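Structure record follows, encoded as C-alpha cells.
The values are calculated or read from the model by the stated rules, or taken from the named source; none is laboratory data. As the structure is a prediction and not an experimental result, all values here were calculated from the model. So basically every Cβ, Gly included, is an ideal-geometry build from the backbone, and we count neighbours across all protein chains shown.
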Amino acid sequence: MPHEAGPSPIAALGAAGAKPPGLGVVEGNEIPYQPAAAEKKKENGSQWLTADPAVKCYLPGVPRATYMPYPFQIIQTQDQVMIAYQFASAVRMIPIKARTEDPPIDSWMGESYGRWEGHTLVVDAKGFNDQTWFDRAGDFHSDELHVVERYTPLGRDLIQYEATIEDPKVFTRPWKISMPLYRQVEKNAQLLEFKCVEFAEEMMYGRFRKAGFK
C-alpha cells in the first residue's frame, strides 16, 4: 500500500497528473487478500477516479486519515484523546478506557478506545462501514474491519505509527503498516479550513458558464 498512490487514467495531464514514487508501508510488501477480494481490489483500482470515496469527499476512515497529504492535530487530556484532521474536518474522540461492548452502529471513522502501554498510545478501532478505502489504489475492507493503532513518540517532533489491520471477510490474515509521523514545526503551524466538496466549482458556479463554453 503506497502513500496515496494509484493508477491514473489522466496521462494527458503529464506532470500535472503524476504522482511521486514512494516506499511501501506494508510489512512484507503484500496485502493478504482472499481471491475474490483481490479481484475486487483490481476493479476498484481501475476506476479510482470515480469510485474512490475520498475523491467524492467522504470521510477517509482509519487508518487512511493518518497518511493522507493533509495535517492532523492530536489533543490530549488525562482521560481522552482527540484527533482532528484537516481533510473533510474529520474528528475522532478516543476515551482512555476499555471497550465494554461493540459499537451500536457502523460509521465512516468507526469507534475508538485507547489505552497506554508505557509511552505508547494504543487505539482499538472498530465499528466501520464498508465504504472507505485504504488508498487510491483501490485497497478496501468490509464492515468487519478492526484496526489497532500504536502511536509511539521517538522524540519531540517524531512519532512512530503502526496499524494492525484485520478483516475476516476480505483478508486471509491480519497485516500491518508502519511509518514515521513528523510534527510540522514551522511558525504558526495549525489546521486550516479545508471544506472538501465533490466538484465544488461545477456545483457552485457551473450555472454561470457561458453558453457554448466547454
Residue identified as modelled with pLDDT of 95 or more, farther than 18 Å from Glu162 by Cβ, out of contact with any Asp or Glu (no Cβ under 9 Å at 6 or more places or on another chain) and not small (Gly, Ala, Ser) among Gln80, Gln47 = Gln80
Can you name the condition, by its number, that Val62 falls short on among (1) more than 25 Å from Gln160 (Cβ to Cβ); (2) modelled with pLDDT of 95 or more; (3) among the β-branched types (Val, Ile, Thr)?
-> (1)
Find the strands (runs of 3 or more DSSP E) located wholly in region 34-146 whose residues include 1 or more that are in contact with a Ser or Thr (Cβ under 6 Å, 6 or more places away or on another chain), and list them.
-> 91-95, 120-126
Region 119-151 - residue that is surrounded by 17 or more Cβ atoms within 10 Å (Cβ to Cβ) and of a type in the set (Ser, Thr, Tyr) and, of those, farthest from Asn44 (Cα to Cα) = Tyr151
Output for region 74-95, where each listed residue is under 19 Å from Gly127 (Cβ atoms) and among the polar types (S, T, N, Q) = Gln80
